[in-house]
């Protein structure tokens, strides 16, 4: 009985490892430059950032910043704090982490490729953490410069929005909450 259990355990572990290796290999191919493409589109920019889409997102970000600034009705004494905040939270123009070189990955064996992808992932995560800390610190510093009324406006305007693709990926649509 023990031999049978060990055999099943070994087989299950092997299959799990193989599944992980295969899923990481497929994930690496669809990663684009920053591991964020997720579209698997042929002809996608090798840097993973479609320039037109990036420009559109930058314009939308700028418009939201200008809208927030207008709603806050900043005093002249708050302008320097706003400028420092806006510069600190501005999205990076290009990734700090170099994209994976798919030609080099193709020349590696699977363990080397897994190590390379893990190192890429760790560097990307560290970059994201640093950017989030910078944004958080800048936001807290700017927020402290606001009046209580401006803080209420800032709170309402910066509340995270619901994802626009809630019905995708098997999530289904959320039922509205009924007040009794």
Give the calculated FRET efficiency between residue 60 and residue 147 to the nearest 0.05, with a Förster radius of 30 Å applied to their Cβ-Cβ distance.
0.65
Given the peptides 101-112, 138-149, arrange them by the average over their residues of other C-beta atoms within 10 Å, most packed first.
138-149, 101-112
Tell me the Kirkwood hydrodynamic radius of the stretch 75-157 in angstroms, computed as one over the mean inverse distance between distinct C-alpha pairs.
15.7
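Expressed in nm to one decimal, what extension gain is obtained for the pair residue 107 and residue 79 from 0.36 nm per residue of sequence separation less their Cα-Cα distance? Mind showing how you got there, number by number?
Numbers: separation 28, 0.36 × 28 = 10.08 nm, distance 5.33 nm.
The residue 107-residue 79 span can extend by a further 4.8 nm.
Quick note: the coordinates plus some simple rules give every number you see, no bench work behind them. For clarity, every value in this text was computed on a predicted model and none was experimentally measured. FYI the Cβ positions are ideal-geometry reconstructions off the backbone, even for glycines, and counts take in every protein chain you see.
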